[in-house]
Amino acid sequence: QVQLVESGGGLVQAGGSLRLSCAASGSIFSINSMGWYRQAPGKQRELVAYITGAGSTNYADSVKGRFTISRDNAKNTVYLQMNNLKPEDTAVYYCNCNARITGWGTDRNYWGQGTQVTVSS
């Protein structure tokens, strides 16, 4: 089992910044990647950014240049620094972890509970 604990969401004004954190714990053998997805009301969940175990990153076009994803492998933690936030960034942000559980030879996706990010005009 893998547990993901998210923090850092909140309410900010447009142009402000937030930093999301997600710490993975449990019987983790290895982590292939960690990332952030978001879902606004009435919309499908979409990828925001992810980072692989080797450090490669990928961003949605809508957040490139504004968001930065990083990781701390020693803590099994991923961060999302969000700058110049816009009202359209308002959504529930979900942490995702693709990991292999100790004793289980197949990688699986795990999800956090979600944290609300609200950006006001």
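The values are calculated or read from the model by the stated rules, or taken from the named source; none is laboratory data. Just so we're clear, the structure is a prediction, and the values are computed from it rather than from any experiment. Please note: Cβ atoms are built from the backbone with ideal geometry, for glycine as well, and neighbour counts cover all protein chains shown. Ligands, DNA and RNA are stripped out before the accessible areas are found, and what is left, the full protein with its side chains, is counted by its heavy atoms. Shrake-Rupley method; radii C 1.70, N 1.55, O 1.52, S 1.80 Å.
Structure summary
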{"quantity": "Per residue value of the accessible surface for the chain (all protein chains in place, 1.4 Å probe), Å²", "calculated": "53 Å²"}
{"quantity": "Those Cys residues of the chain for which no other cysteine Cβ falls under 4.7 Å", "calculated": "97"}
{"quantity": "Extension gain, residue 74 back to residue 88 (0.36 nm per residue minus Cα-Cα distance, nm)", "calculated": "1.7 nm"}
{"quantity": "FRET efficiency, residue 43 to residue 111 (Cβ-Cβ, R0 22 Å, nearest 0.05)", "calculated": "0.80"}
{"quantity": "Amide hydrogen neighbours beyond the local backbone of residue 28, cut-off 5 Å, H modeled", "calculated": "102"}
{"quantity": "Accessible carbon and sulfur surface of the stretch 11-88 relative to its total accessible area, %, 1.4 Å", "calculated": "46 percent"}
